[in-house]
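A.B. asks: The structure that follows is given in the form of structure tokens.
The values are calculated or read from the model by the stated rules, or taken from the named source; none is laboratory data. Keep in mind it's a predicted model, so treat the numbers as computed, not measured. Quick reminder, even Gly has a Cβ in these numbers, built from the backbone with ideal geometry, and neighbours come from all protein chains shown. The area values use the complete protein model at the heavy-atom level, side chains included, leaving out ligands, DNA and RNA. Shrake-Rupley method; radii C 1.70, N 1.55, O 1.52, S 1.80 Å.
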Amino acid sequence: MRRTVKKYELHWVKARALGADTYHDEQHGTFDSLAEAQDAVRRWWAENGFKTPYVREMTDDVGTLWWDYGAHNCFYCFKEK
């Protein structure tokens, strides 16, 4: 039996304006697991001295995981591939 390996794309998403339908989406790599993608964000935060007041996880209706990390209009998005 062949095991399916899930990969995750890491995106940083910024809303252009409150209520706007458009946004800026930067892909920051593809990782072999969700944990690796999340660790990449944490590593960037540590290397750049960024301290987030919180991380709130949300899953949308298609199963994509989003991190709200206190920037109000910026999020990390972990898309299963």
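A.B. asks: Looking only at residues that are at pLDDT 75 or above and of a type in the set (D, E) in the range 1-38, which one is least open to solvent (accessible area, probe 1.4 Å)?
C.D. replies: The first filter runs over the range 1-38 and keeps only residues at pLDDT 75 or above, leaving 5-15, 23-38.
Those still in the list that are of a type in the set (D, E) too: 9, 25-26, 32, 36.
Numbers: E9: 32, D25: 60, E26: 67, D32: 82, E36: 84 Å².
Checked the range 1-38; the qualifying residue least open to solvent (accessible area, probe 1.4 Å) is E9.
A.B. asks: So which residues in the range 31-51 are free of Cβ contacts under 8 Å to residues at least 40 places away in the same chain and in a helix (DSSP H, G or I), if there are any at all?
C.D. replies: Step one: filter the range 31-51 for residues free of Cβ contacts under 8 Å to residues at least 40 places away in the same chain, giving 31-33, 35-36, 39-51.
Of everything in the range 31-51, those that are free of Cβ contacts under 8 Å to residues at least 40 places away in the same chain and in a helix (DSSP H, G or I) turn out to be A35, E36, D39, A40, V41, R42, R43, W44, W45, A46, E47.
A.B. asks: Looking at W67, W45, can you tell me which residue is at pLDDT 95 or above and within 30 Å of T4 (Cβ to Cβ)?
C.D. replies: Details: W45 fails: within 30 Å of T4 (Cβ to Cβ).
One residue alone meets the criteria, W67.
A.B. asks: Filtering the range 52-81 down to residues that are outside any loop (DSSP other than H, G, I, E, B), without any contact (Cβ under 8 Å) to a residue 60 or more places away in the chain and not charged (D, E, K, R), which residue is least open to solvent (accessible area, probe 1.4 Å)?
C.D. replies: Step one: list which residues in the range 52-81 are outside any loop (DSSP other than H, G, I, E, B), which gives 56-59, 65-68, 74-80.
Still in the running and without any contact (Cβ under 8 Å) to a residue 60 or more places away in the chain: 56-59, 65-68.
Next, only the ones that are not charged (D, E, K, R) stay: 58-59, 65-67.
Details: M58: 65, T59: 96, L65: 23, W66: 64, W67: 5 Å².
Restricting to residues being outside any loop (DSSP other than H, G, I, E, B), without any contact (Cβ under 8 Å) to a residue 60 or more places away in the chain and not charged (D, E, K, R), the top hit is W67.
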